[in-house]
Amino acid sequence: MPVITETDAWARLAALQEGIATTTLADMFQRAPARADALGWELDGLWLDLSRQRLNPEIITALCALAQAAGLDDMRKALFSGQPVNATEGRAVLHMALRDLGGLTPAGFAATAAGQKKAFLEFADAVRAGTATAASGKRFTDAVAIGIGGSHLGPQVVTTALAEFDAPVRVHYVANADATDLAGTLARLDLSATLFIVASKTFTTAETMRNARSARDWLAAALGEDAVAAHFAAVTSAPARAQEFGIAPDRVFGFEDWVGGRYSLWSPVGLSAAVAIGADRFERLLAGAHAMDRHFVEAPDGENLPVLLALCDFWNRNFLSLPARAVLPYDERLRILPAHLQQLEMESNGKGVTLAGEAVALSPAAVVFGMTGTNGQHTFHQMLHQGPPLIAAEFIGIAEPGHDLPHHHDMLLANMLAQAEALALGSREGPVERHCPGDRPSSLILLKRLDPERLGMLLALYEHKVFVEGVLSGINTFDQFGVELGKSLAGPLIKVLAGDSGASPNPASAAAVARLKAWRG
Ligand code: F6P
């Protein structure tokens, strides 16, 4: 594979970038009023609008040529056929098999996934129906999902987006090692009607194991040791470890190592979400994701939503020097999405070495941050409008509200469009301090409604987008060795803080430990 920055496609894009350098978005709209049509694409109630980006159809064509030069077609085939595209760990990457309704992935993988799905969805519905009961025989009113990273954020996005206010079981999430998370959650619950779901692919993650042990002790102290079995379930690809922890084998839901943590919400890791929304709606979520998988495999690059979104973000970072992207869902039901995308994008593509073992010469991932609108307008949007630095934005809006107060929704959507307009066109009115330069690019994603199908499509859209950006950058999107170093350094420091071993050999840490110990008394 050629070095992408040395291809003809790259040189063409560099020339196109120079060509538009002095053109404003206002000019672009004036010259081509049909821009919004030319740069908008719809798939089953999901609309992607790139008309406020600093690009045009010619640039999109050139970016598609770049994707071809990077080997996108072959890499996508390798991904879907179960090749070990996670090369550093020698693993296939087949979360698409978990939602495969029609032959996109190898049959063996999809069959394994289907069996595992049946087991966890049956359990989810039994909890909701009150047939899987607490130790006392009464039904569960609450479930506490314990897990972190991919074993937390994906399911929490789904639960927050789709759980009804009057769901039979309320689902809560505990992730942080900070016991404020666990204690604050448990303080509000009746433990005798609470189910704990421990989700961890490895079943070794320190925070999750710490929280799971504390929850177990808490429950045993309140209800007695004999109650523990009825109140715990586990989701893991290391079932022996879950049983060792004391969870009954029929409450351990397994999945395979070809499901990466941040891609695992479709697997039994989604159990907490399935408890929140029910098996039927979970199946519809999977069907929506499958529709996006099929689109990603079949649509030509120039009409392919994940490819287009990836190319646009890649263009912003590598040709327009916009290193960050604000994810701005204008819907409270999507309030966890920015955090989920932080993990999905920055843990997947925050890498400095290519598959060939060379230093990455370009920017594979954005710095992702965000908040729901309109809240963000009253916090960091000031910088989006007038700062340096220049930051790309991504607005997400839902046509149909999730409530019966339409005036709120009109206000919400009007604000979203006003922000996109202000960023794109700016204003020169009044004294210079009031000027907004404009020309700040944004994407707009609109969903017809926030139902399970559309949410599945949206989440799968981002997954494939991240894959394409990884291909363009020549990196392995699916490992995460960068998180290991901090974990291994934390172990000895725990002992130092607990007083079980001497001072830290690192002078800066030793000074901080001394200060912490003095202040903790
Ligand atoms: O530390 C990073 C990470 O490995 C993520 O990739 C993963 O989602 C998370 O930790 C949790 O891992 P596990 O599911 O094994 O507890």
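The values are calculated or read from the model by the stated rules, or taken from the named source; none is laboratory data. Since this is a predicted model, take the numbers as computed values, not measurements. Note that each Cβ is placed from the backbone with ideal geometry, even for glycine, and that neighbours are counted across all protein chains shown.
Scanning the range 464-519 for residues being of a type outside the set (Asp, Glu), under 30 Å from the mean Cα position of the chain (by Cα) and outside any helix (DSSP H, G or I) gives a total of 6.
Every listed requirement among (1) within 29 Å of the chain's Cα centre (by Cα); (2) farther than 28 Å from residue 93 by Cα is met by residue 78 save one, (2). Residues that are over 23 Å from residue 89 (Cα atoms) and not hydrophobic (A, V, I, L, M, F, W, C) were ranked within the range 463-494; the one that is nearest to the ligand (Cβ to nearest atom) is 491.
Of the helices (runs of 4 or more DSSP H) lying entirely inside the range 1-111, those containing at least 2 residues that are among the polar types (S, T, N, Q) span 57-69. Going by what's in this entry, would residue 431 be described as within 30 Å of residue 506 (Cα to Cα) and away from the ligand (no atom under 16 Å from the Cβ)? Against the criterion (within 30 Å of residue 506 (Cα to Cα) and away from the ligand (no atom under 16 Å from the Cβ)), residue 431 does not qualify. Out of 239, 268, 249, one residue alone is touching a Gly at 6+ places or on another chain (Cβ under 8 Å) and surrounded by fewer than 23 Cβ atoms within 10 Å (Cβ to Cβ). It is 239. Taking first residues from the range 472-500 that are modelled with pLDDT under 95 and partners that are more than 14 Å from the ligand (Cβ to nearest atom), the Cβ contacts under 6 Å between residues at least 6 apart in sequence or on separate chains come to 495/501; 496/504; 496/513. Restricting attention to the range 119-131, the residues that are crowded, with 19+ Cβ neighbours inside 10 Å and either polar (S, T, N, Q) or away from the ligand (no atom under 16 Å from the Cβ) (or both) total 5. Scan the range 251-265 and tell me whether some residue there is of a type in the set (Ser, Thr, Tyr) and without any contact (Cβ under 8 Å) to a residue 60 or more places away in the chain. Scanning the range 251-265 turns up no residue that is of a type in the set (Ser, Thr, Tyr) and without any contact (Cβ under 8 Å) to a residue 60 or more places away in the chain.
Among the residues of the range 311-365, the one identified as within 15 Å of the ligand (Cβ to nearest atom), touching a strand residue (DSSP E or B) at 6+ places or on another chain (Cβ under 8 Å), in contact (Cβ under 8 Å) with a residue 40 or more places away in the chain and not acidic (Asp, Glu) is 341. The residue of the range 68-103 that is farthest from residue 453 (Cα to Cα), among those that are of a type in the set (Asp, Glu) and out of contact with any Leu (no Cβ under 9 Å at 6 or more places or on another chain), is 89. Within the bounds of the range 256-265, is there any residue that is aromatic (Phe, Trp, Tyr) and closer than 26 Å to residue 366 by Cα? Yes, the conditions are met somewhere in the range 256-265. Residue under question is residue 170, and the condition is that it be more than 16 Å from the ligand (Cβ to nearest atom), basic (Lys, Arg) and in contact with a helix residue (DSSP H, G or I) (Cβ under 7 Å, 6 or more places away or on another chain); does it hold? Taking the combined requirement at face value, the residue does not satisfy it. Candidates in the range 116-144 are the residues that are under 20 Å from residue 265 (Cα atoms) and among the aromatic types (Phe, Trp, Tyr); of these, the one that is farthest from the chain's Cα centre (by Cα) is 123.
Restricting the search to the range 191-216, which residues are within 15 Å of the ligand (Cβ to nearest atom), surrounded by fewer than 19 Cβ atoms within 10 Å (Cβ to Cβ) and in a helix (DSSP H, G or I)? Matches in the range 191-216: 206, 209, 210, 213.
If I filter the range 145-165 down to residues being buried (at least 24 other Cβ atoms within 10 Å of the Cβ), hydrophobic (A, V, I, L, M, F, W, C) and more than 15 Å from the ligand (Cβ to nearest atom), which single residue comes out as nearest to the chain's Cα centre (by Cα)? Here the answer is 158. Restricted to the range 366-391, and to residues that are among the β-branched types (Val, Ile, Thr) and within 14 Å of the chain's Cα centre (by Cα), which residue is nearest to the ligand (Cβ to nearest atom)? The qualifying residue nearest to the ligand (Cβ to nearest atom) is 368.
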